[in-house]
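Below are the structure tokens for one structure; questions will follow.
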Amino acid sequence: MIKQILGKLPRKPSKSSHNDSNGDGGVNGNSSLNSSLGPNSLNNSKPGSASSKSSNSGSRLNNGTLNSHSSKLNQGKKTASVASQAGPMVASGVYEALPSFRDVPNSEKQNLFLRKVNMCCVVFDFSDPSKNLREKDIKRQTLLELVDYISSVTSKFNEITMQEITRMVAANIFRTFPSPNHDSKLLEMYDLEEDEPLMDPAWPHLQIVYEFLLRFVASPETDAKLAKRYIDHSFVLKLLDLFDSDDQREREYLKTILHRIYGKFMVHRPFIRKAINNIFYRFIFETEKHNGIAELLEILGSIINGFALPLKEEHKLFLVRALIPLHKPKCVAMYHQQLSYCITQFVEKDFKLADTVIRGLLKYWPVTNSSKEVMFLGELEEVLEATQAAEFQRCMVPHFRQIGRCLNSSHFQVAERALFLWNNDHIRNLITQNRKVILPIIFPALERNTRGHWNQAVQSLTLNVKKIFSDADQPLFEECLARFQEDEAKEKETQQKRELVWKRLEDVAASTAVSSNEAVLVSRFVSSIALATSTSPKATASS
């Protein structure tokens, strides 16, 4: 009687049923793999219990969806589910090490591999170093075994294996970075050049996962036509989001992996380029804050190097709309080396782009940032080295107007770097061939440097440049000198007249001053005479 009453009471769900019912959330991909996480818990319940019902329903669901796209479309949700399940699983004591691959026959290695991959979907909290030490060590050793196995496998990966691999990778590496590091005030306080870079405490595990993903992508046993269903656009976008990581080690792995994906999955190439473009646009025109611009440019440098000729219009638009505007942000020094390489690659591929690039540099030329100006001069030299005479002539007038301003810079490194252009044989030949246009533009700057620049090295380099022009065309040099002296005399005369006008105005004000401290109004007649006198020399000088 008592047994019958007790039999009608609802049974309390066991821990194993809880784990199994949530299997589709990210830890348990299919029913055949559940035993790896709970070998003793799934078989202890009776057929009528809630545990068996949930496991049966999970089996029916997973058997029908193993080859569908539902798991890869919901990888982000799975990651969150995995993290939430880590606690109960560890607390229940089911996170145990699986046998080594050496201890099982070859026929069982594939199944063991899937069980190990599924076990590594559990994500632990690394913010507390003393938490789950044993489980973290088990997972680390399992990940290392997976890396060794995937490097030695000799058969093609099937669809189920690819699905489980990408699911495990997504559960571990796809995450949202904390926003405080991107706050403007904190960024001003944090000096990227002097302070130590930030390190992710989870890196001991993340590094192995990245190595696993890299070997999977690079493996000859990975069929790109099949794998593109799982390493899809969504997966690539999430990889690109990770480039904003503060940890440089992670960005280096991402750079290598994305480059391999670009090389192996040809169908993804246009999408990857477009996605990188979008990151650049947001960085240039909205945030000016991103940690991975240098690494993305390094990937693009290799991609640009492989562009076929003639260049597509799409690639030229990328140069004009993304690469050249990347000179605008204040933090350009963090990625300028990679940016300069990409720009130079374009000019070497198509020399007709030199005019576009040089005018783009002049558009974003810094006004008050001397260190940035030195970088621009260095990049300009690399571009000019790949420039042909016809393209040089199209942009030489605005170009050497800017060079003239750099020659007279009070910052000696800017003036010195501009004068170093004449040390390059190709650039010196281009200048010499077009000296009749260039020398009149920069001669005043050279002469002012010779007479009064405070730095002795700049004066010495200026004399060398003047000698080059003098040796190349002595009559032109003397003509420019005579014109400069004439303009100097006119300027001196204009200055004297200007001072005389001010003296007359002061005399008028003094003669009409009264004992009070009120302002003195100069008569319209005197003002008009003064204005006419002051403007006439300018008209004479301009004529």
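Placing unit charges on C-beta atoms (Lys and Arg positive, Asp and Glu negative, everything else neutral), compute the dipole magnitude of the range 351-481 about its Cα centre in debye, rounded to 20. Let's see the in-between values first.
On the way: 15 positive and 14 negative charges, 73 e Å.
Using only the charged Cβ atoms, the result is roughly 360 debye.
Output the direction-averaged projected area (hull surface divided by four) of the convex hull of the alpha-carbon atoms of the range 351-481, in nm². Please list the in-between numbers first.
Working: hull surface 28.2 nm².
Approximately 7.1 nm², given one-decimal rounding.
Next question. Leaving out same-chain residues fewer than 8 places away, which aspartates and glutamates sit with a Cα under 15 Å from that of LYS363?
ASP355, GLU373, GLU379
Something else: Return the loop-located trypsin sites (Lys or Arg not before Pro) in the range 276-327 (DSSP other than H, G, I, E, B) with at most 13 other Cβ atoms within 10 Å of their own Cβ; answer none if there are none.
Loop-located and lightly packed - LYS312.
Using the reciprocal of the averaged 1/r over all distinct C-alpha pairs, how large is the Kirkwood radius of the range 377-427 in Å? Write down the numbers at each step before the final one.
Details: mean 1/r = 0.0881 Å⁻¹.
Answer for the range 377-427: a Kirkwood hydrodynamic radius of 11.3 Å.
Further question on the same structure: Greater than 32 Å separation of Cα atoms is the criterion. Which listed pairs, LYS109/LYS228; LYS238/LYS352; LYS330/LYS492; LYS225/LYS352; LYS225/LYS312; LYS225/LYS328, meet it?
On the way: LYS109/LYS228 25 Å; LYS238/LYS352 37 Å; LYS330/LYS492 40 Å; LYS225/LYS352 38 Å; LYS225/LYS312 26 Å; LYS225/LYS328 40 Å.
Check vs 32 Å cut-off fails for LYS238/LYS352; LYS330/LYS492; LYS225/LYS352; LYS225/LYS328.
Using +1 at the C-beta of Lys and Arg and -1 at the C-beta of Asp and Glu, which of LEU353, ILE441, TRP365 has the Cα lying farthest in the positive direction of the dipole of the range 352-454?
ILE441
How do 505-511, 445-451, 463-469 rank on mean C-beta neighbours within 10 Å, highest first? Could the numbers behind the result be given before it?
On the way: 505-511: 11.9, 445-451: 17.4, 463-469: 15.6.
Per-residue Cβ counts within 10 Å, averaged per peptide and sorted highest first, yield 445-451, 463-469, 505-511.
About the Cα centre, and with charges only on the beta carbon of Lys, Arg (+1) and Asp, Glu (-1), how big is the dipole of the range 228-295? Nearest 20 debye, please.
Working: 13 positive and 10 negative charges, 109 e Å.
About 520 debye.
Taking the Cα centroid of the range 312-374 and of the range 268-284, what is the distance between the two, rounded to the nearest whole Å?
Centre-to-centre distance over Cα atoms comes out at 17 Å.
Quick note: the coordinates plus some simple rules give every number you see, no bench work behind them. For clarity, every value in this text was computed on a predicted model and none was experimentally measured. Here Cβ is always computed from backbone atoms with ideal geometry, including for glycine, and neighbour counts include all displayed protein chains.
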